[in-house]
Amino acid sequence: MENDNAIFEGNCPGSYNVTDGKLCLAHYTDQMNHSAAQQLCQKDGGNLITIDTRERYELAQKLFKSDFVHVQGSRRVQGGPFFDDAGHLLEDSPFFKWRSGQPDNGASVSLVVIFKGTEHNDAPEGNKYSVLCEVRQ
């Protein structure tokens, strides 16, 4: 399993910033669907961020309080559990918290985070939101 607490010590891509916590992040404000968001991050050599550590949780809460933003998470079947890109069950993370009434178990297959309160919310794949990418070492 990837070291969730590792700090970034390499060079961030041009559009990324190294945060005070040594995370290599980029926030793209362009509105896009979940698949396009994943492709954008992968083009940079990164992935959609996973809120799996206290540091990422607090940074998300601090930086994106009123924004909807795509993060890692999808499910294979309607009403099924959500997994990150590595196949880990998202609800197993101590920093994963569903917003009240979520998931609503509609036809959604992607996952977005509401950073106002830092809670997870499911959304249909086609919904367009901004993107939070991370490059991990």
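Laboratory data are not the source of any read-out in this text; all were calculated from the coordinates shown. If you're wondering where the values come from, they're calculated on a predicted model, not measured in any experiment. Here the Cβ positions follow ideal geometry from the backbone for every residue, glycine too, while neighbour counts run over all protein chains shown.
So here's what we get for this one:
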read-out	value
Whole-percent pair-distance distribution, where bins are 10 Å wide, for the alpha carbons of segment 47-132	19, 58, 22, 0
Projected label distance in nm at Lys62 and Ser15, using a 7 Å step from Cα toward the beta-carbon	2.4
Amide H partners (placed H, <5 Å) of Thr50, local residues excluded	Gln72
Helix axis angle, 54-63 relative to the chain longest principal axis, alpha carbon, degrees	90
